[in-house]
Structure formats: structure tokens, C-alpha cells
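K.L.:
Can you keep this structure in mind? I'll have questions shortly.
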Amino acid sequence: MTHQPVRYSREGDIALICIDNPPVNAIGQSVRAGLIDCADAFAADTAARIAVLYCAGRTFVAGADIKEFGKPATAPFLPDVVARLEALEKPVLCVMHGTALGGGLELALGAHYRIGLPGLKTGLPETSLGLLPGAGGTQRLPRLTGLEAALEIMISARHISADQALEMGIIDELVPAAQDPRTAGLVKARELMAMGAGPRRLCDMPPPQVNKEQIDTLRAHTAARYRGQNAQMAAIDAAVSGAAMPFAEGMKHERALFLHLRESPQRAALVHAFQAERKVAQLPELDGVTPRAFSLLGVVGGGRMGSGIAVSALLAGLDVTLLERDASSAAQAQQTVAQMLAESVKRGKLTDEARTRILGQQFRTAESYAALADRDMVIEAVFEDMDIKREVFTQLDRHCKAGAILATNTSYLDIPQIAAMTTRPTDVLGLHFFSPAHIMRLLEIVVPKATAPDVVATGFAFGKKLGKVSVRAGVCDGFIGNRILQVYRAVSDHMVLAGASPYEVDRAVTEFGFPMGPYAVQDLAGLDIGFMTRQRKAATRDPREFVARWADEMHMRGWHGRKSGQGYYTYDTDSPKGRPCPEVEAIIAAERREYGVTPRNFSSDEIIARYMAAMVNESAHVVGEGIAARPLDVDVTLLHGYGFPRWRGGPMHWADTQGLNQLLAQIEAFAQEDAHFWRPAPLLVQLAQEKRLFSSLNS
Ligand code: T1G
């Protein structure tokens, strides 16, 4: 018998409409059709006086089926399904549990009564997918909560809690104790019948009041906050216009806006990002491999990174022993961890009691490697120096139990070389966190050839436990993210040498959608970091590679960026965010003269064309060499670790939208200026010739 995603049944005079479409009861065509059939069955069932709509499984409907986007829309359409429910002459009660989101909340709003189970989260996150609520959410929710509250939910795309939903009137009642949705529905339905409750339709409620001044402010704020994005402004348009027209007209207006966004490149990019960050942990090498234990974690090094890693693990419920070299460093680490946990309490991620419990029971510092003997996994986060790593891994090898996993957080040192310092190279891998480690979600799992499959699987299980987005990386200088970063920073320097100012490059890059440009980022990270990287690479650098000397000159002057008040930008009370610095431009001009360069102008378009061509080309090298498993792995890395604008999907998704032939032609033209830097990636050449897209490699 084929699975029925929506089932109709009756208990006495109560009809039960149950959606059962794992894993999250997404509303695809079969669910929509099933709901229409059940609505018709309920209407015709003279013995049924009220209907309970609920879901089986872990959550009420989590939204329309994202997998259907990009394909032709198929009837019955969700707005019509919701309208069918709402129009029923007998009352419909909806029981919401889990994450009732998007089309799930809109379906619930089509019911006449709504109750929530403890732990319910709800909301209209469509704008995070480049859409707006397209099944009446922009019309019904404002009638329930008021316009501003509804718009805040749509624009922020945040999940609101059960208590907030009750307070806003989205649910009529929060069921006190954890019950299964069916039982809770039957109890409430009997109550409603006893009250003689009839249909209560949101479409019949008066439209929300519009405070023009507040809406204008909201429009301005949203346009600035979501610069370049379409969905948020469209949601405002749909809801505000709907408030000034009959319900049916408002629904038509919402539908037109929704269908337009559904076909937009931004929707395609955002859905790609959503699917990619889930697919990135799905790797054939992990199939059927059982991870090792990792609940007892050791961290070596209690600086910002080590403490951040410890806090990330503590927040995930792991037990952590943090090793420092002496009592004062251990005390400092203890203080850093306690402070980071206090910040988590302030951000509402943790209760004060939980923080006390963590510090009392789950966390401890130590000064002897013997304290790590019971650890399932140890992550080293000490200074980026091979001699120090050698000392640490020699000690770990000596003290850690057999089967313990030894991980390094190094950003660029040679992990196979570190592994060779131990007698257990199969148990060694890289876990490259991004600072601050307890906030940034990206985790590069760097896998030397010798690493055992269950060690890799443990890295991914550990990353999932910590709520990270884990990406598998092969071994090379900079792994995936930093390797690509170095190239688009280099192309920026090439353009600055040729005549662009650092400030023009930063402006073009922020207009493209990055939060900051490459020079502002270097100021933030510290120009001394860049100086040390250049020094490190000097010995092995290809002599054909251009390296700007102005950055060294700035370093010599003690200009270390934001932390010293002077970098590419000048930072002071007048310009806390930094202002261009004529002295920097003079230093750059002097270097141009040394190279005999006559500076020329660069338009923002040319800056972006070169910036993105360099980024895509290096990304294609990274995928072609197997450092990244698929193009989507590069997209996820750049989205989650380097500020790539999510509504553009990542460099490889973006490249597909531009056309690989066009990009290859640009790179080949640039290669006339510098064949070494602009060597076309073989994978890009191959795909362009075969008229394929990077996405064809994401399966
Ligand atoms: N459609 C299809 N599949 C979905 C899905 C959806 N809406 N949501 C999740 N999945 C899949 C997901 O791909 C994964 O699959 C599995 O479910 C578990 O998800 C008309 C147009 C609900 C909070 O934006 O936020 O309604 O990888 O790993 O961490 O106005 O999924 O196992 O094969 O994320 O527990 C609006 C999107 C849609 C919610 C659960 N709804 N989903 O998180 O599990 S647009 C959303 C989420 C819409 C209407 C509009 C999360 C979650 P696989 P997961 P999780």
C-alpha cells in the first residue's frame, strides 16, 4: 500500500487530519492534494463536528517543500489549500509542535483555532530563502499580530518561541504538559465543541492599522540592512499594500510578488546555500563508518582560539579539560572561558545556572599532560610554530590513551608533518576553527591521506554536535578558505599597484555584498598577521609572484591596523570605522613609481570582475585538485567563513550564473598581463568546453 502523506479519520464526532511526510512534513504537491481531499471529506462527513489538523513525527509542517522550487508550480497551490481550510463551515483546530515554519504557519493561520505544544518554534523565514510568505502569511499574520510585529517576523526570518507566539495571539493556548499532538488536539476539540465554537476566519478580521511614519522608517532600515536583497522589501510591500485593500486583492498582490521572487536568482542562490550547508556533510567516505567517542575532550592552549573551542564544546554538553603550560596561564584560560560563557548568558544562549554547572562540573584546567590521559579527543590550539607543535604532539602521543584522536587547529602548517611526530598518524587530523571559535559556524576538517576513516567520521560527528558547518578539506597551504582568500587578496594588490586605491577596492567589494572589503578585513585581523604570513612564505614563494611591499612598509611604521589605530585606514574618535589615509596612498604611489607603473582608473565593475574571476579560478583549482570535494564545499566555506553574500550563493554558484565561458574568456584575457597568476584552472576549462556548470559536480 502506498504511503498516504495526509490521512483522514474520525474519533467520535471529531475528524482527524494527519500530515505524515517525513522528515519535516514539508508541503509538497501530494500533501497539498491530500489536504484538499481531507477538507472535502470533512465537509461531507456529517458525523464530524470539528476537525483537528496535526502532524505526525518530530514537527508540524516546516514549510513548503524547498525541493519543488526551481520546478514548475503544480496545483493545488498552497494559498488555495489554506483558503479551502479557512472556508470550511465547521471549525478546524490546528495543533502546532516542533518547528512550524513558513507554509506551516500559513497553513495553521488558515485554521480557525491554534494550540501549541511546549518547545514550539514558529515563524515566516521565507525571506531567508529569497521569497516572501506566499500562502497568505503577509495578509493573515498582520491581522492577528498587527503590521509591525508581523513584518518584524517576516523580515528577520527568526524563529519565535511558544511563549512569544501565545503572547502575540498566534496560538490561542500553550498546552501545559508535553503531549502528543493528536491527544492534545482531541482534548481541545472537545472543549471547543462544548463552547459551541464555530469557524473563526482571519480573512474576516479587519485589516491592520498602518502607521505611515513607522513603515517608512522600517522601509529605510530594511533597505540598508538587507542592501541588494529583494525579498524583505517585497514582504513589506505585500503586507502594507494588503492593509489598504480587500483581503482577496491583498492575496492576489502577494501571489504576484511571490511568483516573481520564486523565479529570481536570489531565491536560487539562497536555496542553494540552504541545501549545500546540509549536503556538505554527506560524503561517501563517511557512509557506514561509525565515529569514535568524543565526549571527553582535551584542548591544549587556552588563548582566544583554545578557549573558544573549549566553550563551543562546553555549550554542546561535552566535558573539557584545558591544558596550559603553567598555573598563571591556566588561571587566565579559566577566566577567558568563564567570560565567554558569561557572554553566552547575556546573549540568551545559556542560563546562569547552566553556566555555573558547566564551570563546576564540565570544565577544568590542568598543567600536566597526564591530565589528558582519559580524553577521547584532544585539540591542539597553540602558537603556529612547528617546534611548539612538535613538543605538544610528542607529549600527547606519550600520554593519551590508545584510540584517542589528536587534532590540530593549525591554519596553515603541514598536518602530515605534525602527524609524523606521533606513533599514531592514522589518529591525527586537522580541525580548523574560525575565530571566535564559539561563534563562527565554519569548521574545516583537514584530512591527511593517512587519517583513518572513523577519525574523519568523528570529526564530522563532533562538528555536528557543536552545531558547526563542517567542510572536508584536503592538505594544502591554507586548506580551502585561506588558500582562496590569499588569491583574491593578491588580485586586489595587483589592482592597487595598477592604479586602484585600496578604498575603491573595498567599496566595490562591499557594494557587491561582502560586509567588508579585503583591506578593511586586513586592518581588522591585524597587519602584523599579514606580515608574518608573507615572511613565512618568502622562502618558498615563486619569484614570478608580485608581493606588495607597501604592506611591509606600513608594518615597519607600526601600523598594525584597527588595533593600533592606523592601518590602511585611520581609526580615531572622529572615524571609529576608519577613514582613508593619504599617507597610505603616498606609500603606494611611491611603489608604483619604483615599478614604473602609470596608475590608471578602475571602475567598480572591473574591480569586481577581476576580484571574482580570481576567486572563482582558484576555487576551481581547489576543487580540481580534490582539496574540496565538490563546488558546494567551496561555496559553504566562503559563505560561512569569509562573508560571501549568502544571496549570491557562494563563488561557484555565482560563477554558474555568470556563465563559465564568459568567466574563462575574462581569465584568459587577464592572463595576457600575468600568465602565472591567471593560469586558468583545468576544471574550469574542461567544464566550459563541455558547456557544463559547476553545479553538475555537486551531486
Ligand atoms: N522542504 C524540504 N525539505 C526540508 C525543508 C523544507 N522546507 N526543511 C528541511 N528540510 C529537510 C532538510 O533538507 C534535511 O533533509 C531534513 O529536512 C532535516 O533538516 C509558501 C514558500 C525545519 C528548522 O525555511 O529551517 O514555506 O538533508 O537538517 O537542523 O510561504 O530544516 O536530511 O535530506 O535542517 O532539525 C519555509 C527550512 C519554506 C524552513 C529543521 N521553511 N528548514 O532543522 O534539520 S518556504 C523554511 C529549516 C515556504 C511558503 C513558503 C530546518 C528546520 P536531508 P535539517 P534541523
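The values are calculated or read from the model by the stated rules, or taken from the named source; none is laboratory data. Please read these numbers as outputs of a predicted model, since none were measured by experiment. Glycine gets a Cβ as well: all are built from the backbone with ideal geometry, and neighbour counts include every protein chain shown. These accessible areas exclude ligands, DNA and RNA; they are computed on the full protein's heavy atoms, side chains included. Shrake-Rupley method; radii C 1.70, N 1.55, O 1.52, S 1.80 Å.
K.L.:
Could you list, in sequence order, the residues of segment 120-129 that are near the ligand (Cβ under 10 Å from one of its atoms) and either assigned to a loop (DSSP other than H, G, I, E, B) or not polar (S, T, N, Q) (or both)? Give the derivation first.
P.N.:
Going through segment 120-129, the residues near the ligand (Cβ under 10 Å from one of its atoms) turn out to be 121, 123-129.
K121, G123, L124, P125, E126, L129, listed by residue number.
K.L.:
Is it fair to say T145 is within 14 Å of G63 (Cα to Cα) and among the β-branched types (V, I, T)? Let's see the steps before the verdict.
P.N.:
On the way: within 14 Å of G63 (Cα to Cα): no; among the β-branched types (V, I, T): yes.
When the stated conditions are applied, T145 does not pass them.
K.L.:
Continuing with the same structure: Out of all the residues in segment 182-192, is one or more under 22 Å from L85 (Cβ atoms) and not in a helix (DSSP H, G or I)? Before the answer, list the steps.
P.N.:
If we filter segment 182-192 for residues that are under 22 Å from L85 (Cβ atoms), which is where we start, we get 182-192.
From what's left, not in a helix (DSSP H, G or I): none.
The answer is no, given that none of the residues of segment 182-192 is under 22 Å from L85 (Cβ atoms) and not in a helix (DSSP H, G or I).
K.L.:
Restricted to segment 384-400, and to residues that are part of a loop (DSSP other than H, G, I, E, B) and in contact (Cβ under 8 Å) with a residue 24 or more places away in the chain, which residue is least open to solvent (accessible area, probe 1.4 Å)? Show your work before the answer.
P.N.:
So in segment 384-400, the residues part of a loop (DSSP other than H, G, I, E, B) come out as 384-385, 400.
Still in the running and in contact (Cβ under 8 Å) with a residue 24 or more places away in the chain: 384, 400.
On the way: E384: 50, C400: 11 Å².
Applying the filter and picking the extreme gives C400.
K.L.:
Now a separate question. Any residue at all in segment 514-528 that's closer than 29 Å to R225 by Cα, assigned to a strand (DSSP E or B), open to solvent by less than 30 Å² (accessible area, probe 1.4 Å) and hydroxyl-bearing (S, T, Y)? Outline the logic, then answer.
P.N.:
Here is the first cut: in segment 514-528, the residues closer than 29 Å to R225 by Cα are 514-527.
Narrowing further to those that are assigned to a strand (DSSP E or B): none.
Taking every residue of segment 514-528 in turn, none turns out to be closer than 29 Å to R225 by Cα, assigned to a strand (DSSP E or B), open to solvent by less than 30 Å² (accessible area, probe 1.4 Å) and hydroxyl-bearing (S, T, Y).
K.L.:
A further question on this structure: Within segment 1-16, can you find the residues that are open to solvent by less than 40 Å² (accessible area, probe 1.4 Å), over 16 Å from R58 (Cα atoms) and either assigned to a loop (DSSP other than H, G, I, E, B) or touching a residue at least 60 places away in the same chain (Cβ under 8 Å) (or both)?
P.N.:
Taking segment 1-16 and keeping what is open to solvent by less than 40 Å² (accessible area, probe 1.4 Å), we get 5-6, 14-16.
Applying the additional criterion that residues be over 16 Å from R58 (Cα atoms) yields 14-16.
Listed by number, the residues that qualify are I14, L16.
K.L.:
Go through the residues of segment 604-622 one by one and say whether even a single one is charged (D, E, K, R), under 33 Å from the mean Cα position of the chain (by Cα), open to solvent by less than 60 Å² (accessible area, probe 1.4 Å) and closer than 28 Å to R536 by Cα. Walk me through how you get there before you give the answer.
P.N.:
Applying the first criterion (charged (D, E, K, R)) to segment 604-622 yields 605-606, 610, 618.
Filter once more, so that each one left must be under 33 Å from the mean Cα position of the chain (by Cα): 605-606, 610, 618.
Of the ones still in play, those that are also open to solvent by less than 60 Å² (accessible area, probe 1.4 Å) are 606, 610, 618.
Filter once more, keeping what is closer than 28 Å to R536 by Cα: 610, 618.
Checked segment 604-622: at least one residue is charged (D, E, K, R), under 33 Å from the mean Cα position of the chain (by Cα), open to solvent by less than 60 Å² (accessible area, probe 1.4 Å) and closer than 28 Å to R536 by Cα.
K.L.:
Moving on. Being surrounded by 24 or more Cβ atoms within 10 Å (Cβ to Cβ) and either more than 29 Å from G474 (Cβ to Cβ) or at pLDDT below 95 (or both) is the filter here, so list the residues in segment 286-322 that pass it.
P.N.:
G302, L314, L322
K.L.:
Ok, one more. Is there a residue in segment 170-177 that is assigned by TED's automatic domain parsing to the domain that holds G228 and within 25 Å of the chain's Cα centre (by Cα)? Walk me through how you get there before you give the answer.
P.N.:
Narrowing segment 170-177 to residues assigned by TED's automatic domain parsing to the domain that holds G228: 170-177.
From what is left, the residues that are within 25 Å of the chain's Cα centre (by Cα) are none.
No: segment 170-177 contains no residue that is assigned by TED's automatic domain parsing to the domain that holds G228 and within 25 Å of the chain's Cα centre (by Cα).
K.L.:
Same structure again: All but one of (1) at pLDDT below 95; (2) buried (at least 17 other Cβ atoms within 10 Å of the Cβ); (3) not in a loop (DSSP other than H, G, I, E, B) hold for Q535; state the number of the condition that does not hold.
P.N.:
Condition (2) is where Q535 drops out.
K.L.:
What strands (runs of 3 or more DSSP E) completely inside segment 28-119 contain at least 1 residues that are open to solvent by less than 10 Å² (accessible area, probe 1.4 Å) and more than 12 Å from the ligand (Cβ to nearest atom)? Even if it seems obvious, please write down each step before you answer.
P.N.:
Working: elements: 50-55, 92-96, 99-101, 113-116.
So the answer is 50-55, 92-96, 113-116.
K.L.:
State yes or no: is L283 open to solvent by 20 Å² or more (accessible area, probe 1.4 Å), within 16 Å of the ligand (Cβ to nearest atom) and within 26 Å of the chain's Cα centre (by Cα)?
P.N.:
Working: open to solvent by 20 Å² or more (accessible area, probe 1.4 Å): no; within 16 Å of the ligand (Cβ to nearest atom): yes; within 26 Å of the chain's Cα centre (by Cα): yes.
Answer is no for this residue.
K.L.:
Looking for something among the polar types (S, T, N, Q), without any contact (Cβ under 8 Å) to a residue 60 or more places away in the chain and surrounded by 13 or more Cβ atoms within 10 Å (Cβ to Cβ) - is there at least one such residue anywhere in segment 360-378? Lay out the reasoning, then the answer.
P.N.:
Residues of segment 360-378 that are among the polar types (S, T, N, Q), as a first pass: 361-362, 365, 368.
After this cut, where a residue has to be without any contact (Cβ under 8 Å) to a residue 60 or more places away in the chain as well, the list is 361-362, 368.
When the remaining residues are screened for being surrounded by 13 or more Cβ atoms within 10 Å (Cβ to Cβ), the result is 362.
Checked segment 360-378: at least one residue is among the polar types (S, T, N, Q), without any contact (Cβ under 8 Å) to a residue 60 or more places away in the chain and surrounded by 13 or more Cβ atoms within 10 Å (Cβ to Cβ).
K.L.:
A follow-up question, please. Cβ contacts < 9 Å: first residue among the polar types (S, T, N, Q), restricted to segment 118-135; second residue part of a loop (DSSP other than H, G, I, E, B) and near the ligand (Cβ under 6 Å from one of its atoms), any location; separation 6+ or different chain. Result?
P.N.:
Hits for this filter: T127/P133.
To keep it simple, each residue is scored yes or no on (1) small (G, A, S); (2) outside the structural domain of F531 (by TED's automatic domain parsing); (3) open to solvent by 30 Å² or more (accessible area, probe 1.4 Å).
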residue: N409; (1), (2), (3): no, yes, no
residue: D414; (1), (2), (3): no, yes, yes
residue: P436; (1), (2), (3): no, yes, yes
residue: G499; (1), (2), (3): yes, yes, no
residue: P502; (1), (2), (3): no, yes, no
residue: D506; (1), (2), (3): no, yes, no
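K.L.:
Which of the residues belonging to segment 146-174 are open to solvent by 10 Å² or more (accessible area, probe 1.4 Å), more than 16 Å from the ligand (Cβ to nearest atom) and either touching a His at 6+ places or on another chain (Cβ under 6 Å) or in contact (Cβ under 8 Å) with a residue 40 or more places away in the chain (or both)?
P.N.:
G146, E148, L166, D172, E173, L174, listed by residue number.
K.L.:
Taking D414 as meeting all but one of (1) within 23 Å of T321 (Cβ to Cβ); (2) among the charged types (D, E, K, R); (3) touching a residue at least 24 places away in the same chain (Cβ under 8 Å), write down the number of the exception.
P.N.:
(1) is the only condition that D414 fails.
K.L.:
Also, quick follow-up: State all residues of segment 245-280 that are open to solvent by 60 Å² or more (accessible area, probe 1.4 Å), part of a loop (DSSP other than H, G, I, E, B) and more than 15 Å from the ligand (Cβ to nearest atom); if no residue qualifies, say none.
P.N.:
Answer for segment 245-280, where residues must be open to solvent by 60 Å² or more (accessible area, probe 1.4 Å), part of a loop (DSSP other than H, G, I, E, B) and more than 15 Å from the ligand (Cβ to nearest atom): just P246.
K.L.:
Of all residues in segment 539-570, which are free of Cβ contacts under 8 Å to residues at least 12 places away in the same chain and closer than 17 Å to M516 by Cα?
P.N.:
Correct list: T570 only.
K.L.:
Another question about this same structure. Tell me, please, whether a residue that is within 16 Å of the ligand (Cβ to nearest atom) and in contact (Cβ under 8 Å) with a residue 40 or more places away in the chain can be found in segment 182-200. Give the steps one after another, and end with the answer.
P.N.:
Applying the first criterion (within 16 Å of the ligand (Cβ to nearest atom)) to segment 182-200 yields none.
Among the residues of segment 182-200, not one is within 16 Å of the ligand (Cβ to nearest atom) and in contact (Cβ under 8 Å) with a residue 40 or more places away in the chain, which makes the answer no.
K.L.:
Then there's this: Test G403 against the stated conditions and say whether it is out of contact with any strand residue (DSSP E or B) (no Cβ under 6 Å at 6 or more places or on another chain), outside any helix (DSSP H, G or I) and touching a residue at least 40 places away in the same chain (Cβ under 8 Å).
P.N.:
On the way: out of contact with any strand residue (DSSP E or B) (no Cβ under 6 Å at 6 or more places or on another chain): yes; outside any helix (DSSP H, G or I): yes; touching a residue at least 40 places away in the same chain (Cβ under 8 Å): yes.
Against the criterion (out of contact with any strand residue (DSSP E or B) (no Cβ under 6 Å at 6 or more places or on another chain), outside any helix (DSSP H, G or I) and touching a residue at least 40 places away in the same chain (Cβ under 8 Å)), G403 qualifies.
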